[in-house]
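Beneath this line is the structure, given in structure tokens, with notes to follow.
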Amino acid sequence: MDPSTSAPPDGGTVEASPAGPPQEDRKTRIARYVALFAMPFLMVTMMYATYVGTMHAPA
């Protein structure tokens, strides 16, 4: 069975979506911005911690 020709599960018709990207809710947008700033900060912090951890007591 071809999924592009099957009816939706509720038996209704498929409506065309408006032009442009779908609207995302506020929580998703906030989570995306938090990840955008937190992930690079976390990566740099891990790199710094690795460097300091290996060089804290060179013998």
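The values are calculated or read from the model by the stated rules, or taken from the named source; none is laboratory data. What you see is a predicted model, and the numbers here were worked out from it, not measured in a lab. The area values use the complete protein model at the heavy-atom level, side chains included, leaving out ligands, DNA and RNA. Shrake-Rupley method; radii C 1.70, N 1.55, O 1.52, S 1.80 Å.
Every condition in (1) hydrophobic (A, V, I, L, M, F, W, C); (2) at pLDDT 70 or above; (3) open to solvent by 90 Å² or more (accessible area, probe 1.4 Å) holds for residue 1 except the one numbered (2).
The single condition among (1) open to solvent by less than 100 Å² (accessible area, probe 1.4 Å); (2) at pLDDT below 95 that residue 44 does not satisfy is (2).
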